[in-house]
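Q: Take this structure, written in structure tokens, and hold onto it; I'll ask about it next.
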Amino acid sequence: MPLLMSLIFLAATLPGSSPGPAPLAPTPSPRQTAWRGLERYLFCHFGPNTFTDKEWGGGNEDPNLFNPTDLDCLQWAKAAKSAGFAGIVITAKHHDGFCLWPSKFSTHTVAQSSWRAGKGDVLADLSKACRKVGIKMGVYLSPWDRNHPAYGTPAYNQVFASMLREVLGNYGPIFEVWFDGANGEGPNGKKQVYDWPLFIRTVRKYQPNAVIFSDAGPDIRWIGNEEGIAGETNWALVDRSRYSPGHASTEELNHGYPDGRDYVPGECDVSIRPGWFYHPEENDKVKSVSQLMSIYERSVGRNANLILNVPPDRAGRFNDADLRALDGFGKAIAKTYGKDLALRSAASSSADRGRGFQASRAVDGNPATYWAAPDGKLSGGVELAFAKPVTFDRVMLQEYDPLGQRIAAFHVEAEVEGEWRRIGGGTTIGYKRILEVPETTATKLRVTIDESRACPTLAHIGLYLSPRS
Ligand code: FUL
């Protein structure tokens, strides 16, 4: 046998060497994996409602009402970036049908307003600002249109697809397209039968890397409430075929289920204020940093992404109260999760797959490497030993998401003054799970997987201490 062949044979048969676990269907697409890494981004509800103090416009508003006196998308983008948000999704068109760009397929747009003498284009300003600051841009487009005369007839589907083409073709890369499921009546009193396959095809054609959001995916799903809270058990798996936009069980969307045939992770939407649009009387109702942190830990910390709405005011700027909350929120996340107290601790495993998948891979700070149990083993765990006792009140766990969501139950124990005690546990982990535990000072930590759909993986075990107030 030639030397090289012998070496390969030897390596393959060495005890402990192993190929990686086989992926467990359904698994994320590359666009879903890229979206996972963004974790949180802003939502901006902006349009005629900003000026009429409404949440849902009738579609018959005078376009001249839309008149931001000092539109400053750079201010939005800078605030997002400095608070650690990865992008901004804007309501390019809400239910009132008003287009924030000069669409050729509607007569209810910025071009019909006297704002910037009809030459303004909010999407152009925002895409420039996002590019300058280095964050991503996404768009919300409501298929429900209370202004368009064709709404309620088959012709409207072509109108909406043409609008999508304009929005997706002219402003650079778009990372997310947010489809609202609302389907009310239009000006002629009729409801539209939406051509979803056409809309989805159009997005894929003009922005193949964008994820599409709706109750039914196809890429990411609504989490089933507008409080920004994912279920404590949250599978990224559902059967897409059981839902359509606007028609889905909110309970199922909130939790997913382990036998779901499609990989469609959740996105948690919530506003920093009571309303989605700006209302001056809500300036003193902006959520506190501790409320926002609790939302973060129940969205990003429960295997979902967070889209936080910050509505620009009538000038076209974020209000100071929102800026303060955003800044505090960004700082609190950085303070809590900026320092991993378990990083590069001594790690061992009760069920080790072998070379390349040792327990140390879960604490090496690299999300692309992971601990994995041998094939067929559906339980097992990782133990960490610390050189000095570590004090923490948050445990972060991550599966290696590209191989599919596997873990269904786990628990965590800590060695405190020589005695092991259980400090927490749960069901799903997925891309990221944050567990709030009592403040604990431990010399060792053990994460045990109790149930799994296939041999479990852990890409990250992190320990953190929230700042004391
Ligand atoms: C809902 C809409 O009806 C609200 O106005 C808002 O845009 C929210 C994010 O989605 O379906």
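Q: Determine if the stretch 190-199 includes at least one residue that is within 16 Å of the ligand (Cβ to nearest atom), over 24 Å from C73 (Cβ atoms) and free of Cβ contacts under 8 Å to residues at least 40 places away in the same chain.
A: Looking through the stretch 190-199, at least one residue is within 16 Å of the ligand (Cβ to nearest atom), over 24 Å from C73 (Cβ atoms) and free of Cβ contacts under 8 Å to residues at least 40 places away in the same chain.
Q: Filter the stretch 330-371 down to residues that are at negative phi and either of a type in the set (A, V, I, L, M, F, W, C) or assigned to a loop (DSSP other than H, G, I, E, B) (or both), then give me how many there are.
A: 28
Q: Something else: Could you tell me whether any residue of the stretch 76-99 is in the same structural domain as A325 (by TED's automatic domain parsing), more than 28 Å from I220 (Cβ to Cβ) and not polar (S, T, N, Q)?
A: No, the stretch 76-99 contains no residue that is in the same structural domain as A325 (by TED's automatic domain parsing), more than 28 Å from I220 (Cβ to Cβ) and not polar (S, T, N, Q).
Yes/no per residue for (1) in a strand (DSSP E or B); (2) in contact (Cβ under 8 Å) with a residue 40 or more places away in the chain; (3) closer than 22 Å to L74 by Cα; (4) hydrophobic (A, V, I, L, M, F, W, C):
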site: H95; (1), (2), (3), (4): no, yes, no, no
site: P102; (1), (2), (3), (4): no, no, yes, no
site: F105; (1), (2), (3), (4): no, yes, no, yes
site: A111; (1), (2), (3), (4): no, no, yes, yes
site: A117; (1), (2), (3), (4): no, no, yes, yes
site: G120; (1), (2), (3), (4): no, yes, yes, no
site: D125; (1), (2), (3), (4): no, yes, yes, no
site: R131; (1), (2), (3), (4): no, yes, yes, no
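Q: Could you please let me know if Y156 is of a type in the set (F, W, Y), more than 16 Å from the ligand (Cβ to nearest atom) and either assigned by TED's automatic domain parsing to the domain that holds H247 or touching an Asp or Glu at 6+ places or on another chain (Cβ under 7 Å) (or both)?
A: yes
Q: Would the stretch 128-149 turn up any residue that is of a type in the set (S, T, N, Q) and within 16 Å of the ligand (Cβ to nearest atom)?
A: Yes, because at least one residue in the stretch 128-149 is of a type in the set (S, T, N, Q) and within 16 Å of the ligand (Cβ to nearest atom).
Q: Which of the residues belonging to the stretch 417-437 are of a type outside the set (V, I, T) and more than 27 Å from the chain's Cα centre (by Cα)?
A: Residues satisfying the conditions are E417, G418, E419, W420, R421, R422.
Q: To continue, here is another question. Filter the stretch 256-288 down to residues that are in contact with a Ser or Thr (Cβ under 8 Å, 6 or more places away or on another chain) and farther than 28 Å from Q32 by Cα and give me whichever is nearest to the ligand (Cβ to nearest atom).
A: F277
Q: Still on this model: How many of the residues making up the stretch 399-452 are among the acidic types (D, E), surrounded by fewer than 18 Cβ atoms within 10 Å (Cβ to Cβ) and not in a loop (DSSP other than H, G, I, E, B)?
A: 5
Q: Checking the conditions here, which among T250, T202, T233 is within 16 Å of the ligand (Cβ to nearest atom), touching a residue at least 24 places away in the same chain (Cβ under 8 Å) and polar (S, T, N, Q)?
A: Among T250, T202, T233, only T250 is within 16 Å of the ligand (Cβ to nearest atom), touching a residue at least 24 places away in the same chain (Cβ under 8 Å) and polar (S, T, N, Q).
Q: Among the residues of the stretch 224-244, which ones are in a loop (DSSP other than H, G, I, E, B) and either of a type in the set (D, E) or touching a Pro at 6+ places or on another chain (Cβ under 8 Å) (or both)?
A: E226, E227, E232, W235, A236, D239
Q: Pick from R453, R355, R394, R406: which is modelled with pLDDT of 95 or more, out of contact with any Pro (no Cβ under 7 Å at 6 or more places or on another chain) and among the charged types (D, E, K, R)?
A: None of the others qualify; the one that does is R394.
Q: Further question: Out of the stretch 173-191, which residues are part of a loop (DSSP other than H, G, I, E, B) and either surrounded by 21 or more Cβ atoms within 10 Å (Cβ to Cβ) or out of contact with any strand residue (DSSP E or B) (no Cβ under 9 Å at 6 or more places or on another chain) (or both)?
A: Once the filter is applied, which keeps residues that are part of a loop (DSSP other than H, G, I, E, B) and either surrounded by 21 or more Cβ atoms within 10 Å (Cβ to Cβ) or out of contact with any strand residue (DSSP E or B) (no Cβ under 9 Å at 6 or more places or on another chain) (or both), the stretch 173-191 yields I174, F175, A182, G186, P187, N188, G189, K190.
The values are calculated or read from the model by the stated rules, or taken from the named source; none is laboratory data. Keep in mind that this is a model prediction, so the values were computed, not measured. In this analysis, Cβ positions are derived from the backbone assuming ideal geometry, glycine residues included, and neighbour counts consider all displayed protein chains.
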